[in-house]
Amino acid sequence: MDAPLLLEAAGRALAHLAVLTLLPPLLIGLIAKVKAAFAGRNGPPLLQPYFDLAKLLRKQAVFSRTTTWVFRLGPVAAVVTALLAGLVVPLGGLAAPVSFDGDLLLVAYLLALGRFCTILSALDTGSAFEGMGASREAAFSCLAEPALFLGFIALALLLPPGGGLRLAELLAAAPDGWRLAAGGMALVAAAWLVVLLVENCRIPFDDPNTHLELTMIHEVMVLDHSGPPLGLILYGAAVKFAVIAMLLLSLVLPRGGGLVADLATGVAGLLAVAVLVGVVESSMARLRLLRVPTLLVSAALLAGFGVVLLAVH
Amino acid sequence: MSGPWCFMRAGGAVALEAVPDLPLDALRAAVVAAVGAGRRLGCWCGDGAGRVYAVLVDDAAGQLLVARAPLPDSYPALTPDCPQAHLFERELAEQYGVVPVGHPWFKPVRFHRRLTPGPDAWGRPDDEAVLPGVADMFTVAGDEVHEVAVGPVHAGVIEPGHFRFQCHGEVVFHLEINLGYQHRGIERAAIGGPHPRSMLQMEAAAGDSTIAHGWAHCQVVEALAGVAAEQPALDLRALMLELERLANHTGDLGALAGDTGFLPTASFNGRIRGDFLNLSAAVCGSRLGRGMLRPGGVRFGLDAARREDMRRRLERAGADAVHSCRLLFATASVQARFEDVGVVRPIDAAAAGLVGVARRACGHPADARRDHPADGRPGPAGPAATAEGGDVHARAFVRFAELQESLRLADGLLQRDAAATPPGALRCRPRPGHLAIGLIEGWRGPVLHLGITGDDGRFLRYKVVDPSFHNWFGLMLALRDEQISDFPLCNKSFNLSYCGFDL
C-alpha cells in the first residue's frame, strides 16, 4: 500500500475512533434538547451530558457493604464492551478500524456481555428493585436478539455464497439491497430501529427519565451506582446508543465520498437518529410492560419478512 | 327507614340530648342495616368520654344519620359485617384502647399512643416508643413468591408511606400499605378548642385540600355557634374550592401523563396547574388558599376589577388545560396504558366505602356538592360526572369531566355580585353540648369534620375524615392481580393524601 492510501486509511480510522469516543454524550444531550423543545422548555444545555460526566468522575463512589467485585465489574464492562463493539461497526463510509471474518457475532455478543455484567452487578446488590429490573432486562434482550440477527441474515442473502460473515462486507451490500428489494431493506431498518430503542431503554420500552423504581428496566439496575462508576455507566450507555445507531445508519447512509464527506454524513446521520428518538419520546406514551414482548416479536417478524423479500428478489 | 337515628344535614348541628343513645348491640345492628340499605359509613369514632358515635351518609336523601352508644373495653367487631368499618375500628382501638373482637386485620393505623389514659389495645408497654410502621405485615408463603418493599422514603419528592407487595414474578398478589409517618396529632390539638390556631391546623390537615378542610371546619364551628356565613362569603368559598379542584385535577392528569412517559401533557399541565394556583393567590395571597377562610366568613374580598381580571386568566388557563387534556385522551398509546389497568369493581368500591373520584369512576354519582350542598341550596346543575370501568382511564376521565365543569362553575361564581365582596367574619361562639358535622366535596372526595362540644362550649372531641382515609383501601384492591410495574400509574390515578390520612 502506498503512502497516500495508508494515510487515508489512518485518517478514516482516526475519524471513526473520534466519533465513537467523543460524540455519544452529545447524542444524549440532543435527545434531551428535542424533548425539551416539544415540552416548550429550554432544556439543559446540549453539552450537559459532558458536564455530568466530568462531575461524576470527580466525585467519590459509594459502595454498599453487601456488594462484591461483581458490582464494580458492571460499569467497567459496560464501557469496554460498548467501545470494543464500536471498533467493528462501520459508520456509513467510515470503515471500522477492525474487521475480520465472523465479527458480526462478536458485535452482538459483546453487547450481550456488557448487559450480562450489568445484570450481574444489579443482582449483586440484593435489592428487590434491581432484581426485578435484571429479570426484565434479561427477558426483553432475549426477544430483541432475533430481530438483530434476522436483519444480518437478510443482508447476508445479498452476498455471494461462502462469505465470511464480515460486518463490513455485509453492510457494504446495503445499497444493492435497496436497489433490488427496497421493501425488504425498509423492514430490516424498521426492525433495527426497534432494536435501537429497546437496547437503549428508550420510550416506548423504558422511560429513561422516570423516577419510579417499580416501572424501570435499565435505570433501576444502576440505582446503587454512584460517582465515577455511574459516570462509566452513563458513558457506556451513550456509546452503546451510538454503536447501534451506526449499525442502523450503515443500512441507509450513502457512501463512497471523500473522508470529510463520509465523516460529515456519518455525524449528521447520528444526530438525525438522536432527533428521531427525541421525537418518538415526545409524541407517544410508554408501552405497558406486558405489551413489550409483543412489539419485540413484531420487530423480529418484520426482519423475518425482510429476509423473505430479499431472498426472493 | 327512620330507625334509631337522628337525621341532620351537612353543616348542621344538634343538641347532644337529641342524638339517640342506643345500646351498642342496637347501634351495631343499625349501622349494618343502614350500610346494607346503601348508605355509607362516614365516621365511627369515640368521643373520649365513653361513647362511640356513628355517622352514616345518605347521598340519595341528602341527609346524615347520627347515633351513639356507650363503649365498653371490647365489643364484637363491626368489620366482618361491614367492611367499611375496618379502618375506623382500628383507629378507635388506637385512640381509646377499645378492642373490636374478631377484627380480621387488627393493627395500629397511625402508630401513636392513645388519646386518653388507659391500657393499650395491643398491650404495648408504656415505656417503649411507638415507632411508625412497626407492625406485622401480611405475607404470602412459597418459594416463588417474592416481596418488594417501597418507602417510606421515595425516589420522588412525595410524602412518606410504606408499600409492601407480595409478588409472583411481575404479578401482585397483594399490596399492604402502612401509613402514619406524618401523624401530627391534629385531632388531639383541637380538643378544648376552637383555639386561635385551630383554623390554621385544619387548613394544614392536607395541604392540597386546604379549602375543603378549612371550609368543613368553618361549617362545624358555624353550626355549633348557630351562625350562618353570608352569601357573598359562601360564593367566595365555593370559588376557592373550584380553583383548588382545577389546580389539582390539572396536576393529576399531567402526572398521569408523566407516569406513562407522555411528555406533552405532562409538561403543559405542570405549567397550567401553576396558573390555577396563581388564581387562588390572586384572591388571598396564598397559592394553596391558606388564610382565606375563617369561621363566620372569609378574610379577603374580591372587587369588580379583580373579578374581571381573574375571569380572563381563568378562561385562558382553562382553554389551555382542556386542549392539553384532549391531547392526552386522543393519544392511542396513552389510552392503551390507561384502559383495564387498576380495575376496582363497582361492587367492591361500594363494599369498601370508596368516595369521591374513585367512587364516581365506578359509575356511582356521589358528589357532596350536589347531595349535601353547603348552604342548603341546590348544588351544580346536572348529574355528577361518572365513568364506567373503575380503571385508571375512568379515574382520569372523571377528573377531566370535573375539570371542565369546575371551569364553568368558577366562571359563574366570578360573575356573581359584580360589587366588591367585603371581607369579614361573624363572631362564632360554639354552644355547649352540641354535635355538628361539616361535609365538603374536595377535589379528592368528601371531607367530613365532626365536632362535639362539652358543657363549657369547648371541643370535647374533633374528628377529621379525609377522603384518603376511605380510599387507600381502594388502591390495595386495584393492585390485586395487577402488574407491579403499573403500581405508580394506579397510585397516581388515586393520588391520595398521606398527611390527610395521618392527621
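Read the figures in this text as sums done on the coordinates, not as results from a lab. Predicted, not measured: the structure shown is a model, and the values here were computed from it. Every residue, glycine among them, receives a Cβ derived from its backbone with ideal geometry; neighbour counts consider all protein chains shown.
Note on region B:173-276: semi-axes of the ellipsoid equivalent to its C-alpha gyration tensor, largest first and rounded to whole Å, are 32, 22, 10.
Multiplying the residue separation of residue B:191 and residue B:146 by 0.36 nm and subtracting their alpha-carbon distance yields 11.7 nm. Calculated on the alpha-carbon coordinates, the convex hull of region A:57-189 measures out at 135 cubic angstrom per residue.
In whole angstrom, how long is each semi-axis of the equivalent ellipsoid of region A:37-88, when you take the square root of 5 times every eigenvalue of its Cα gyration tensor and sort them from largest down?
Details: eigenvalues 164, 72, 25 Å².
Rounded to whole Å, the semi-axes are 29, 19, 11.
Excluding residue B:254 itself, calculate the net charge of residues whose Cβ lies under 11 Å from the Cβ of residue B:254, where each Lys or Arg counts +1 and each Asp or Glu counts -1.
Details: positive: B:271, B:273, B:399, B:492; negative: B:252, B:259.
Counting the neighbours of residue B:254, the net charge comes to +2.
Our coupling estimate for region A:168-176, obtained by passing each phi through the Karplus curve with A = 6.51, B = -1.76, C = 1.60 and θ = phi - 60°, is 4, 5, 4, 6, 5, 7, 4, x, 4 Hz, Gly and Pro reported as x. Could you tell me what fraction of 2.2 N^0.38 Å the Cα radius of gyration of chain B comes to, as a two-decimal ratio? That ratio works out to 0.94. Taking the number of Cβ atoms within 10 Å of each Cβ as an exposure proxy, the fewest-first ranking of A:235, A:109, B:75 is A:109, B:75, A:235.
Considering only A:103, A:176, A:206, give the residue with the highest GNM mean-square fluctuation for chain A, with springs between Cα atoms whenever their separation is below 10 Å. Its mean-square fluctuation being the largest, the pick is A:176.
Put simply, the amide H of residue B:300, placed in the peptide plane, has neighbours under 5 Å in B:424, leaving out anything fewer than 5 places away on its chain.
Which of the lysines could a cross-linker bridge to residue A:240, judged by Cα under 23 Å and excluding same-chain residues fewer than eight apart? Straight-distance partners of residue A:240: A:33, A:35, A:55. Once the chain from residue B:481 to residue B:128 is taken as fully extended at 0.36 nm per residue, the excess over their C-alpha distance is 123.2 nm.
Shown for chain B are the DSSP H helices of 27 Å or more along their axis, judged by Cα atoms, with a mean Kyte-Doolittle hydropathy of at least 0.0: B:231-259, B:263-284, B:392-415. Taking label positions 7 Å along the Cα-Cβ direction at both residue A:311 and residue A:66, the computed distance is 4.9 nm, reported to one decimal. Taking Cβ atoms as reference points and 10 Å as the exclusive limit, the residues near residue B:56 contribute a net charge of +1, counting Lys and Arg as +1 and Asp and Glu as -1.
Each 5 Å bin from 0 upward holds the following percent of the Cα-Cα pairs of region A:181-312: 2, 9, 16, 19, 19, 16, 10, 6, 3, 1, 0. Across region A:143-157, rounded Karplus estimates of 3J(HN,Hα) from the backbone phi angles (6.51 cos²θ - 1.76 cosθ + 1.60, θ = phi - 60°) give 7, 7, 4, x, 4, 5, 6, 4, x, 4, 4, 4, 5, 4, 5 Hz, Gly and Pro being marked x. Just name one of A:106, A:191, A:263: the one whose Cα is farthest towards the positive end of the charge dipole of region A:3-311 (beta-carbon charges, Lys/Arg +1, Asp/Glu -1). Final value for the positive-end residue is A:263. Couplings for region A:207-214, taken from phi via the Karplus curve 6.51 cos²θ - 1.76 cosθ + 1.60 with θ = phi - 60°, read 10, x, 9, 6, 10, 8, 4, 6 Hz in order; Gly and Pro are left as x. Remark: spin-label model distance residue A:291-residue B:278 equals 3.6 nm, labels positioned 7 Å along the Cα→Cβ axis.
The value for region B:22-63 of Rg(Cα) / (2.2 N^0.38 Å) is 1.20. Which residue fluctuates the most in chain A, going by a Gaussian network model with Cα springs under 10 Å, if the choices are A:186, A:112, A:261? Between A:186, A:112, A:261, it is A:261 that shows the largest mean-square fluctuation.
Among B:215, B:44, A:69, rank each residue by its count of other Cβ atoms within 10 Å, from fewest to most, as a rough exposure measure.
Details: B:215 33, B:44 23, A:69 8.
The fewest-first ordering by Cβ neighbours comes to A:69, B:44, B:215.
Connecting C-alpha atoms closer than 10 Å in a GNM of chain A, tell me which of A:215, A:265, A:68 has the biggest fluctuation. Result for chain A, Cα springs under 10 Å: A:68 fluctuates most.
For B:147, B:203, B:170, the sequence from fewest to most other C-beta atoms within 10 Å is B:147, B:170, B:203. With only the Cα atoms considered, chain A has a convex hull volume of 138 Å³ per residue.
Normalised size of the protein assembly as shown, defined as Cα radius of gyration per 2.2 N^0.38 Å with N residues, equals 1.12. Under a Cβ-Cβ cut-off of 14 Å, what is the net charge of the residues other than residue B:126 that fall near it, where Lys and Arg count +1 and Asp and Glu count -1? Taking every other residue near residue B:126 into account, the sum is 0.
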